[in-house]
Amino acid sequence: MIVHQEVWAGRLWAARPLIVVEDSEERSLLWIPQGTRRKVPITPPHRLDPGDVHSRTIENLHHRDWVLGDHTWDVSSLWILTPDRWHSTWVSWRADGSHLGWYINLQRPMRRNVVGFEAMDLMLDVVVDPDLSWRWKDREEFDEIVRRGIFDREVADQVMSEALAVIDDLEGRHPPFDADWPSWRPDAEWALPSLPDGWNVVDD
């Protein structure tokens with residue numbers, strides 16, 4: 001088991017435990033089952049909460065004063081990560097085991113650290129249905145973050161370039177979309193992962 005940390009402006013933005021399925025120079029496969037407890041950014045008590053997750057995210061990034069709260073992961077997902085890429089691909093299942101779809105999470109490239117790895121979510125996502133049709137997620141939130149200068153233009157351009165490259169892979173049925181990942185199943189003996197001691201220690 002490892003910890004996935006997200007770090008923004010030198011502070012821990014989020015943390016979640018994952019089970020290592022495979023780890024090689026070519027790729028890493030990580031499992032996070034439904035019911036896993038993770039840490040997420042929430043509005044600090046001295047500031048009025050905006051009331052919706054999109055505004056909350058933007059304001060926390062802008063003010064850099066978030067605190068961490070608990071959240072329960074609501075689907076089961078296998079993460080497929082490739083070194084140096086600005087995204088991870090998630091294959092997700094409902095509680096009954098049926099395939100929910102795919103999810104392209106745009107993020108900084110994975111960087112290994114003492115608890116697992118760091119890869120900051122960059123807010124823009126692509127949701128992919130089981131038939132491989134796709135749609136943007138949080139595009140307006142991403143555009144607002146860029147407009148405010150929270151993400152600089154270089155990062156914004158890299159995110160969009162990566163998103164379009166993954167969409168090309170998707171539409172061309174290139175890896176990982178050429179394989180039957182929806183048929184993959186976890187080991188029935190795997191326990192629900194939990195955050196270990198040191199989950200909140202951020203590398204310098």
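Mind computing the radius of gyration and Dmax over the alpha-carbon atoms of the range 21-82? Å is fine for both.
So, for the range 21-82, Rg and Dmax equal 15.6, 45 Å respectively.
What residues have an amide H closer than 5 Å to that of Val21, excluding those fewer than 5 places away on the same chain, when H is modeled at 1.01 Å from N in the peptide plane?
Answer set, sorted by chain and number: Leu29, Leu30, Trp31.
Which entry is the computed mean projected area of the Cα convex hull in nm² for this structure: [x] 11.8; [y] 13.9; [z] 10.2?
Correct label, based on the coordinates given: [x].
Please order Glu189, Glu162, Glu154 by the number of other Cβ within 10 Å, starting at the fewest. Please report the intermediate quantities before stating the final value.
Working: Glu189 5, Glu162 19, Glu154 8.
If I rank by nearby Cβ atoms, fewest first, I get Glu189, Glu154, Glu162.
Which cross-chain or sequence-distant (5 or more) residues have an amide H under 5 Å from the amide H of Met120, H modelled 1.01 Å from N in plane?
Placed amide hydrogens put Val7, Arg108 under 5 Å from Met120.
What FRET efficiency comes out for Asp197 versus Arg11 if R0 is 25 angstrom and r is the Cβ-Cβ distance? Round to the nearest 0.05. Before the final figure, lay out the partial values.
Values: r = 19 Å, r/R0 = 0.78.
Taking R0 as 25 Å, the efficiency between Asp197 and Arg11 is 0.80.
Determine ³J(HN,Hα), in whole Hz, for all residues of the range 135-146 in sequence, where each value follows from phi through the Karplus function 6.51 cos²θ - 1.76 cosθ + 1.60 and θ = phi - 60°; x replaces Gly and Pro.
Taking θ as phi minus 60°, the curve returns 8, 6, 10, 6, 5, 5, 4, 4, 4, 5, 4, 5 Hz for the range 135-146.
Residue-wise, which Karplus ³J(HN,Hα) couplings in Hz belong to the range 111-124, taking 6.51 cos²θ - 1.76 cosθ + 1.60, θ = phi - 60°, and x for glycine or proline?
10, 6, 9, 6, 9, x, 7, 10, 7, 5, 5, 10, 6, 7
So how do Ser183, Ser88 line up by other beta-carbon neighbours within 10 Å, fewest first?
On the way: Ser183 8, Ser88 22.
By the 10 Å Cβ count, ascending: Ser183, Ser88.
For each of Met123, Met110, count neighbouring Cβ atoms within 10 Å of the residue's Cβ, then give the residues from fewest to most. Please report the intermediate quantities before stating the final value.
Values: Met123 24, Met110 21.
By the 10 Å Cβ count, ascending, the order reads Met110, Met123.
Any read-out appearing in this document is the output of simple, stated calculations on the displayed coordinates, not a laboratory observation. The model shown is predicted, which means the values in this text are computed figures rather than measured ones. Methodologically, a virtual Cβ is constructed for each residue, glycine included, from the backbone with ideal geometry; neighbour enumeration extends over all protein chains shown.
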